Amino acid sequence: MSGNAPSRSVSEKFKFMKALDGRTLLHALSFQAPKIRLLRSLLIEGSPAMQVLDFAVLPEPEYDLPIFCANFFTTASLSIVVLDLNPLHDVVIQKDYKDKYYRKLLPLGQKYVELLPWGDKLTSESLRFFSPIVIWTKFSTDHHKHQVLYSAFKDYFEAWLELLEQAIKENDESLIHQNREAQHKYLTWRAEKDPGHPLLKRLVGESLAREVVRQFLFEGVDSLGVKSFLDYFPEYRCDDGTINQKRSVIGKSYGVRPWNDNGEFIGNDPT
Ligand code: BLA
């Protein structure tokens, strides 16, 4: 590459990618806006009938807003879904944070509890990034369910946009720091352990997958903070100081929804 060629922006570089199979297409979009540090979406159109939407909106650190997260993986037979306003701060310990954002949204969560039921056991560590209204579901792919999911997506996104509109900028430096670090911890978790990584590696190869993950999907992981994965999640440290490659050190748990109708966590014991 010539020395004075303009460097391509991140979104340009990942805008359209063709997978190693020569057929699957990956399409990336990203935006910034007032109050929004990063809105990004990765759409994967594979064959036969494999589709992925990984859509997230990450606020500026001056706002303690939840992170909007829509994660849909579907094949001809199976759909795996996470749809949530992922809490920025702990909603089990920090009751004031939970009440601030989720108390009013509990009826919205209730609306989909039966239509999109709890998707059985999952990586236990994921639970701390989920809110009392999380939709975590797995189902045999069918058109009707996809319509319900689309309706849930619209409802959840509208609810999040309303929170965004009402959000007031924080001026206290120490609170802004806490927000920034919480977002960095979230990005650090997902950049290392997101369940989609193995498939992404198979599709585009290890090196491009790593770039997509660190520079696009979870952009900010290398700039918002200096702590490492093991600083945040020391339980993953192996004897030789490396990161345990297992996705979970606890294993899978929470076979039933661990939140009650009042949004209280009732799954203290991950078994
Ligand atoms: C599976 N994706 C899953 C599962 C969850 C999530 C909970 C079930 C497996 C498990 O228990 O871990 C999603 N987990 C999340 C999210 C958070 C979390 C959103 O902790 C947020 C904190 N998914 C993608 C992309 C691909 C993808 C880009 O986002 C593919 C390129 C695929 N997700 C994917 C696949 C599975 C999956 C293939 C099944 C893999 C498995 O169960 O091992």
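Using the structure shown, select from K35/K185; K98/K169; K18/K201; K138/K185 the pairs with a Cα to Cα distance greater than 23 angstrom.
Checking Cα-Cα distances, K138/K185 exceed 23 Å.
What value, in deg cm²/dmol to 500, does the helix sum -39500 (n - 2.57) over DSSP H runs of n ≥ 4 give at 222 nm once divided by the residues of the chain? Spell out each step's value before the answer.
Details: 8 runs with 84 residues, N = 271.
The helix-only estimate for the chain comes to -9000 deg cm²/dmol at 222 nm.
When only alpha carbons are used to place a centre, region 217-263 and region 30-52 end up 23 Å from one another.
This ranking places I44, I36 by how few other beta-carbon atoms lie within 10 Å of each, fewest first, which gives I36, I44. Per the Kirkwood formula applied to alpha carbons, the chain shows a radius of gyration over Rh ratio, Rg over Rh, of 0.95. Going by neighbour counts of Cβ atoms within 10 Å, the residues T242, T137, T75 line up, fewest first, as T242, T75, T137.
Rule-based calculations on the coordinates, nothing more; no lab input. Keep in mind that this is a model prediction, so the values were computed, not measured. Neighbour counts are summed over all protein chains in view; Cβ atoms, including those assigned to glycine, are modelled from backbone coordinates with ideal geometry.
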